[in-house]
Amino acid sequence: MNVFDEGDLVRCSAVFMNSSDVALDPTAVTFKIKTPADVTTTYTYGTDVALVKDSTGHYHVDVSATAAGVWSYRWASTGTGQAAGEDQFLIETSRF
């Protein structure tokens, strides 16, 4: 699990590929982030400017991690390139 400091801007990235390992743009892409307080926010590509397409199949969201604890996130796509993946990162409490 990656560890960051309270207040860091954490980049969460995803790459969507076909069965031949070639990057592709799915029909729809969503990103969900859950804070340590169990608050979930969902971003949809094309609707929410925070979900950025860097190039074909490559997407990211920058998360302002202002609370200490474990943050969980999930990338998902539907239609062409259907896939999903989840991960977590830890925000350490500031000593100041």
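Quick notes on this one:
- Per-peptide average of other Cβ atoms within 10 Å, ordering 59-67, 4-12 highest first: 59-67, 4-12
- The chain: relative contact order in percent, alpha carbon pairs under 8 Å with at least 6 residues between: 39 percent
- GNM top mover of Thr35, Thr78, Thr44 - the chain, alpha-carbon springs below 10 Å: Thr78
- Computed lengthening from Leu90 to Lys53, 0.36 nm per intervening residue step minus Cα-Cα distance: 10.8 nm
- For region 15-47 versus region 63-96, the inter-centroid distance based on Cα atoms is 11 Å.
- The convex hull around the C-alpha trace of the chain, projected and averaged over every direction, spans 6.3 square nanometres.
- By the compact-protein rule of thumb, 2.2 N^0.38 Å, the alpha-carbon radius of gyration of region 42-88 corresponds to a ratio of 1.26.
- Stokes-Einstein, applied to the Kirkwood radius of region 1-53 over Cα pairs at a viscosity of 0.890 mPa s and 25 °C, places its translational diffusion at 183 µm² s⁻¹.
- Gain on full extension, evaluated as 0.36 nm per residue between Val39 and Val3 minus their Cα-Cα distance, stands at 11.0 nm.
Just so you know, all these numbers are worked out from the coordinates, no wet-lab data involved. Model, not experiment: these values are computed from the prediction. Glycine gets a Cβ as well: all are built from the backbone with ideal geometry, and neighbour counts include every protein chain shown.
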